[in-house]
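What follows draws every value from the coordinates through simple rules; no lab data is involved. Small disclaimer: the values here were computed from a predicted structure and weren't measured.
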Ligand code: DQA
């Protein structure tokens, strides 16, 4: 089993970007924590961040043949705009959880709609960086439950 963790635009700035909204933990720290959590459970965790929609689409498509069995994705601003990324996830048909650090429903109305939520196995919003940990924990439990 391998989990792909995808981070959308501007999440490379985590730690310094609007810390009152997104917290002060960096993307490197989040990825390191997830990688360790996965390793402890015998699960490979691959991480990828891009500020480019096409690069994220390409990475999702590559997941079809690189052994990825589950995706954790924070599409960031593309949550609210990207039919292309939605179609990529639907196309590869790999189950995924959508994560948002902030509670998007408490924010501007344009953040209330997601192109991903109806396809997702689950959605975690507003729990900060802990949301990624919970999403990966779900993926690991799901995998353990499916082992013979
Ligand atoms: C976000 C919420 C989005 O609305 C925003 O564009 C982001 C981050 C979050 O994690 O809270 O970049 O996905």
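Mind pulling the per residue volume of the convex hull built on the Cα atoms of the range 1-114? Å³ is fine. Present the calculation step by step, with values, prior to reporting the outcome.
Details: hull volume 10.9 nm³, N = 114.
Considering the Cα atoms of the range 1-114, their hull volume per residue is 96 Å³.
Specify the inter-centroid distance of the range 61-100 and the range 112-133, based on alpha-carbon positions, in whole Å.
12 Å
Please identify, among 15, 128, 42, the residue showing maximal mean-square fluctuation in a Gaussian network model of the chain using a 10 angstrom Cα cutoff.
It is 42.
Grab the Cα-Cα distance for residue 64 and residue 92, subtract it from 0.36 nm times how many residues apart they are, and report the gain in nm with one decimal. Can you show the working numbers first?
Numbers: separation 28, 0.36 × 28 = 10.08 nm, distance 0.57 nm.
Stretched fully, the residue 64-residue 92 segment lengthens by 9.5 nm.
Taking 0.36 nm per intervening residue step and subtracting the Cα-Cα distance, what contour gain separates residue 105 from residue 145 on full extension?
On the way: separation 40, 0.36 × 40 = 14.40 nm, distance 3.22 nm.
Length gained, residue 105 through residue 145: 11.2 nm.
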